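Down below is the structure, laid out as structure tokens.
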Amino acid sequence: MTAPRLKIFTGNSNRPLAEEICSSIGMPLGEATVTSFPDGESFVKINENVRGQDVFIVQSTCTPTNHHLMELLIMIDAARRASAHRITAVLPFYGYARQDRKDQPRVPITAKLVANIIVAAGATRILTMDLHSQQIQGFFDIPVDHLFASPVFFDHVEKIKMKSDNIVVVSPDVGGTKMAAAYASMMGAQLGMVWKKRTSATTVESVNIVGDVKGRDVLLVDDITETAGTLVNAAKLMRANGALSVRAAVSHSLLSDIAYDRLREGHIDELITTNSIPVDARDLPITVLSVAGLLGEAILRIHKNESITGLFKVKGF
């Protein structure tokens, strides 16, 4: 029996990343028409044979979230109806991930709902990166491969560390402490944490800091930022407590106009992020690192039914 061929397709959320993924593994991006009718309905046509093939669909569900999510669902359905052997949804960024729990009366768990509809559309596997919370993997009834951006960040951060042996890694909120601890272990750095209180969807008040940052270079570590409220308030607190410099490493940067305004205040010396979603650096000190190689290698290993555990390791960690 002939082994299924690997084919990669993409929607419109982040085509440059999909093209870079294909380039990194030396194969062409699959041909598909993904467009919209005048009334806004999405239309998809896969323009090549996928019968019995191993299909990967690259689509970040970023702004406009609902539109890109529908593109993903329709592409999955098109591949399923074209008799693809296996369909892996590659989600460099998983939208709705912050709605992962019922924390007040009469609200949905939208992250679970999105997982349900992706599976219902016909996906047989998920490849994603730096989910907002680990338990989202359990929302799927199909295999989930969850990558971390830390290997991509590490080389860049190591260059910073070469310039300073006095770095402290800080989580801007309690929920990110585990991630910050992993970075601190990799770098051999001290660990800190900020206790914060959210006053609205766009406003965060940093309350207190755990750890010593006086006379140190601070690296804030988080999985996602949209308004930069958490990061900027944490940076202000770091500087008020004597930090020499403040950088932030964030996996997914969905930067709004509010975020750009806050970053212009200059409390953060550098925002280091990935191209999991398109990022406009504008005239700000924003460094965008590519995750194409990481995702490309994961796609190859999944296609060959090999382990992807090695992709989690950075210098033995």
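Some points to look at:
- Strands (runs of 3 or more DSSP E) within the stretch 4-71 that include 1 or more residues over 21 Å from THR128 (Cα atoms) and either at pLDDT 95 or above or touching a strand residue (DSSP E or B) at 6+ places or on another chain (Cβ under 7 Å) (or both): 32-36, 42-46
- Some residue of the stretch 76-85 being of a type outside the set (Asp, Glu) and either assigned by TED's automatic domain parsing to the domain that holds ASP223 or under 19 Å from GLN137 (Cβ atoms) (or both): yes
- Filter pass, THR63 being more than 23 Å from ALA298 (Cα to Cα), free of Cβ contacts under 8 Å to residues at least 40 places away in the same chain, out of contact with any Pro (no Cβ under 8 Å at 6 or more places or on another chain) and outside the structural domain of GLU226 (by TED's automatic domain parsing): no
- Pairs where the first residue, in the stretch 159-182, is over 15 Å from ILE224 (Cβ atoms) and in a helix (DSSP H, G or I) and the second is modelled with pLDDT of 85 or more and polar (S, T, N, Q), C-beta under 7 Å, 6+ apart: THR177/SER171; ALA182/SER150
- Hey, PHE56 under 20 Å from GLY176 (Cβ atoms), in contact (Cβ under 8 Å) with a residue 24 or more places away in the chain and either surrounded by fewer than 23 Cβ atoms within 10 Å (Cβ to Cβ) or not small (Gly, Ala, Ser) (or both) or not: no
- Extreme residue, farthest from PHE9 (Cα to Cα), among residues of the stretch 295-311 that are aliphatic (A, V, I, L, M) and assigned to a helix (DSSP H, G or I): LEU311
- Every listed requirement among (1) surrounded by fewer than 17 Cβ atoms within 10 Å (Cβ to Cβ); (2) at pLDDT below 95 is met by VAL170 save one, (1).
- Failed item in (1) within 27 Å of LEU17 (Cα to Cα); (2) over 17 Å from the mean Cα position of the chain (by Cα), with VAL90 passing the rest: (2)
- Pairs are defined by a Cβ separation below 6 Å, a sequence spacing of at least 6 or placement on different chains, a first member in the stretch 118-132 that is charged (D, E, K, R), and a second member that is assigned to a strand (DSSP E or B) and surrounded by fewer than 23 Cβ atoms within 10 Å (Cβ to Cβ); the pairs so defined are ASP130/ASP223.
- Test for PRO105: is it touching a strand residue (DSSP E or B) at 6+ places or on another chain (Cβ under 7 Å), modelled with pLDDT under 95 and surrounded by fewer than 21 Cβ atoms within 10 Å (Cβ to Cβ): no
- Matching residues, the stretch 108-139, being part of a loop (DSSP other than H, G, I, E, B), out of contact with any Gly (no Cβ under 8 Å at 6 or more places or on another chain) and modelled with pLDDT under 95: ASP130, LEU131, HIS132
The values are calculated or read from the model by the stated rules, or taken from the named source; none is laboratory data. Everything numeric in this text was worked out from a predicted model, so none of it was measured. Here Cβ is always computed from backbone atoms with ideal geometry, including for glycine, and neighbour counts include all displayed protein chains.
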